[in-house]
Every structure is written in structure tokens, then in C-alpha cells.
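Note sheet for the following structure.
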Amino acid sequence: MGRLDGVTRLLHRATEWFERFLAVCIFLGVVIFTIQSVWAFRAMDWSQTESIYELIYRVLLAVIALELIRTLMTHDLQSVLELLAFVVARKTLKPDLSVYDIFLSVVAFAILLVCRRYLFLPAPAPTEPPPAPKESPAAT
């Protein structure tokens, strides 16, 4: 079994390094995307509503990429939920959505909130009733 354990460790390490490589590639892509977005924003007509939508769209896309990097590096379930929340938010903010798409986005976001509540937030501590007031000796 020693040889199989060695292969398993090697594959695990190779996977970790490949994920790090992918994270670096995504980060470089975000940097290039951000620089190009700045140039695109300079040419936009900011009196148009579409410019604001484009700004939000690009910012959320960059945030999603950064959350993906965090998910690749940490393998944390909470970061996966946050990544999905940003994806749903980005999808919801598109101006050409149907009512059905908006409804599905709201349901998906509610499911993510429920998952976060029951998977990550600590259960509320049970509240004890306040102690009964002591009788003063003068009252007796």
C-alpha cells in the first residue's frame, strides 16, 4: 500500500499546484480585464443608463473572478456560497430579464441565504428567563 499512498500524495500535490496555477492565470486575467475596463469607461457616455449597467456588470464579473480564486485556494464551502451569490446578483442585475428569470434568481438567492444560515451561522443560544427579583427584608 505504500506505493499507492505515494501516488495519492503526488496527485494531491499536483492538483494543489495546478489549482494555484489556475488562480494566478485568473488573477492576471482580472488585472488585464480591469485595465481594459478603465479604458472602456473613459470612452462611455455617462449620461446613459447603459453605462451604469456596464460598470456594475464589469465590477461584478471581476468580483466573481476574485471569489473563484479564493474558492480555488481555500476549498471552503462558505466561499462557494459567496461565489454563487455574486453570480446570482450579476444575473439579476441584467436589464432584459423576464419575470420568470427574476423569480428564479430570488429563489436561488433565498436558498443560498438558508444554506448560509444553517451551515455557517452558530445556533442562537437559548435564552434563560431573567432571575426573579429578591424580596427586600423591609417588605416582610
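The values are calculated or read from the model by the stated rules, or taken from the named source; none is laboratory data. Every value quoted in this text rests on a predicted model; they were computed, and no experiment measured them. Cβ placement follows ideal geometry from the backbone for every residue including glycine, while neighbour counts extend to all protein chains displayed.
Structural remarks
- In the stretch 85-121, residue modelled with the lowest pLDDT [restricted to those that are more than 19 Å from the chain's Cα centre (by Cα) and not in a helix (DSSP H, G or I)]: PRO95
- Some residue of the stretch 75-94 being aromatic (Phe, Trp, Tyr) and more than 22 Å from ALA108 (Cα to Cα): no
- The one condition in (1) of a type in the set (Val, Ile, Thr); (2) within 21 Å of the chain's Cα centre (by Cα); (3) under 30 Å from PHE120 (Cα atoms) that THR15 fails to fulfil: (2)
- Some residue of the stretch 65-76 being modelled with pLDDT under 90, in a helix (DSSP H, G or I), within 25 Å of PHE120 (Cα to Cα) and out of contact with any Asp or Glu (no Cβ under 9 Å at 6 or more places or on another chain): yes
- Count of residues meeting criterion [of a type outside the set (S, T, N, Q) and farther than 30 Å from HIS12 by Cα] in the stretch 72-117: 24
- The residue that is surrounded by the fewest Cβ atoms within 10 Å (Cβ to Cβ), among those in the stretch 36-59 that are without any contact (Cβ under 8 Å) to a residue 40 or more places away in the chain and within 23 Å of the chain's Cα centre (by Cα), is ILE52.
- Test: ASP76 is over 18 Å from the mean Cα position of the chain (by Cα) and among the acidic types (Asp, Glu): no
- Of the residues making up the stretch 12-23, not a single one is on the phi < 0 side of the Ramachandran plot, in contact with an Asp or Glu (Cβ under 8 Å, 6 or more places away or on another chain) and hydrophobic (A, V, I, L, M, F, W, C).
- SER47 vs. criteria touching a helix residue (DSSP H, G or I) at 6+ places or on another chain (Cβ under 8 Å) and hydroxyl-bearing (Ser, Thr, Tyr): no
- Contacts under 7 angstrom Cβ, first residue in the stretch 2-24 being surrounded by 10 or more Cβ atoms within 10 Å (Cβ to Cβ), partner of a type outside the set (Ser, Thr, Tyr), 6 or more apart: GLU19/LEU72; LEU22/LEU72; ALA23/ILE69; ALA23/LEU72; ALA23/MET73
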